[in-house]
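Visitor: One structure follows; several queries about it will come next.
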Amino acid sequence: MKKIAVFTSGGDAPGMNACVRSVVRTSIYHGLEIFGIYYGYDGMIKGNIKKMQSHSVSNIIQRGGTILKSARSMEFMTKEGRQKAYDQLKSLGIEGVVAIGGDGTFTGAKVFSEEFGLPIIGCPGTIDNDIYGTDFTIGFDTAVNTALEAIDKIRDTAAAHDRIFFIEVMGRDSGYIAVECGIGGGAEFVMVPETKTSLDTVVKSLKNLRKTKTSSIVVVAEGDEEGSASEIMEKVKVKIKDDEKDFKVTTLGHIQRGGNPTARDRVLGSRCGMAAVEGLMAGHTNCMAGVVNGEVVYTPFSDCIGKDKPIKKDHLRLIEILSI
Ligand code: F6P
């Protein structure tokens, strides 16, 4: 293998740049030519591909976002689109690809790799932490810390006004960000899609807590089955029937995707990037390089996208115990 390419795809995540830098420099270290594909699968189809040098990735390890840009491509979902993408790579002599992204990125990579026999290794880049085969995804730690900073500030004003705040965090169908923020931010309640929580339980807890606390924080994962934080707040408000109680909603949104990556995300991105390149050189393909129990492991894409990574029940119990 002499020429490989790297791209980022799906929602950007802090630490993706550290991963790109690692892929580029590890490739050059091993004497490979390395190409950057801009705008994910879309750029692959359009041939938006440039050769990268060591200095192309200077001064990016500390930056959020992705220098390779990101996009969601409908065309790549078609056989014709993937054929165009393959032709572009072939015309440049690219023999292997590193795909940095989440489950959507890996679903595309799996089909592509199987259709054309092209070696592809993924690196888990998403704030959601919803990928099997790695304890943490690149960007998760930064997103949680960003959300926590906001939650700490909201708690100050919630306490000053004796208010109940419903704070919505990202995570798509996963409650990892919510649970981590719930523990770290001392939330009174956390609602996640992985567990069904009846609104009556929320109301009962909030009423109970009022005996000892004047303000409360409820962290809501955006994918919760009861709806968005504002929908849940409206329903709870009606059930609590307390005109004196002030309810507020904050949706943290895309702020969780930006910002300088934490040390953990820089290190994780760097480790996965190196593992992906060296994995391709060693003949691995159709899999993701992740870190489990501190060690690099390669997990087939089919498991990464097909297997659940359940939230630890103990973490939910911890929130319940510590919120009394
Ligand atoms: O997958 C990362 C993520 O930030 C999710 O948490 C969220 O649901 C989604 O992307 C938002 O995507 P977009 O930026 O396309 O609205």
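The values are calculated or read from the model by the stated rules, or taken from the named source; none is laboratory data. Given the structure is predicted, the values throughout are model-derived calculations rather than measurements. Here the Cβ is made from the backbone with ideal geometry for all residues, glycine too, and neighbour counts use every protein chain on show. For the accessible areas, the whole protein counts, side chains as well, though only heavy atoms, and no ligand, DNA or RNA atoms are used. Shrake-Rupley method; radii C 1.70, N 1.55, O 1.52, S 1.80 Å.
Visitor: Considering only the range 69-102, how many residues are touching a residue at least 60 places away in the same chain (Cβ under 8 Å) and open to solvent by 70 Å² or more (accessible area, probe 1.4 Å)?
Guide: Number of matching residues: 3.
Visitor: Right, here's the next one. Give me the residue from the range 284-299 that is of a type outside the set (Asp, Glu) and without any contact (Cβ under 8 Å) to a residue 60 or more places away in the chain and, out of that set, surrounded by the fewest Cβ atoms within 10 Å (Cβ to Cβ). It would help to see each step written out before you state the result.
Guide: Of the residues in the range 284-299, the ones of a type outside the set (Asp, Glu) are 284-294, 296-299.
Going one step further and asking which of them are without any contact (Cβ under 8 Å) to a residue 60 or more places away in the chain, we end up with 294, 296.
Numbers: Gly294: 7, Val296: 16.
My answer is Gly294.
Visitor: Determine whether Arg155 is closer than 18 Å to Ile319 by Cβ and not assigned by TED's automatic domain parsing to the domain that holds Ile131.
Guide: Working: closer than 18 Å to Ile319 by Cβ: yes; not assigned by TED's automatic domain parsing to the domain that holds Ile131: yes.
So Arg155 passes the test.
Visitor: Going residue by residue through the range 229-240, is there one that turns out to be open to solvent by less than 30 Å² (accessible area, probe 1.4 Å) and within 18 Å of the chain's Cα centre (by Cα)?
Guide: So in the range 229-240, the residues open to solvent by less than 30 Å² (accessible area, probe 1.4 Å) come out as 229, 232-233, 236, 240.
Narrowing the set further to residues that are within 18 Å of the chain's Cα centre (by Cα) leaves none.
No.
Visitor: While we're here: Being part of a helix (DSSP H, G or I) and at negative phi: is that true of Val23 here?
Guide: yes
Visitor: Here is a check on your reading of the model: is Val220 touching a Lys or Arg at 6+ places or on another chain (Cβ under 9 Å) and closer than 24 Å to Asp135 by Cα?
Guide: Working: touching a Lys or Arg at 6+ places or on another chain (Cβ under 9 Å): no; closer than 24 Å to Asp135 by Cα: yes.
So Val220 fails the test.
A quick yes/no check of all residues on (1) assigned by TED's automatic domain parsing to the domain that holds Met16; (2) away from the ligand (no atom under 16 Å from the Cβ):
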position: Pro193; (1), (2): no, no
position: Val202; (1), (2): no, yes
position: Thr212; (1), (2): no, yes
position: Ala221; (1), (2): no, no
position: Lys248; (1), (2): no, yes
position: Gly253; (1), (2): no, no
position: Glu278; (1), (2): yes, yes
position: Thr285; (1), (2): yes, yes
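Visitor: Does any residue in the range 41-52 that is over 13 Å from Ile4 (Cβ atoms) come within less than 7 Å, Cβ to Cβ, of a residue that is open to solvent by 20 Å² or more (accessible area, probe 1.4 Å) and among the small types (Gly, Ala, Ser) six or more places away or on a different chain, and which pairs are these?
Guide: Asp42/Ala71
Visitor: For the condition within 16 Å of the ligand (Cβ to nearest atom) and charged (D, E, K, R), what is the one hit in Arg257, Arg264, Arg271? Spell out the reasoning first.
Guide: Working: Arg264 fails: within 16 Å of the ligand (Cβ to nearest atom); Arg271 fails: within 16 Å of the ligand (Cβ to nearest atom).
Sole residue among the options that is within 16 Å of the ligand (Cβ to nearest atom) and charged (D, E, K, R): Arg257.
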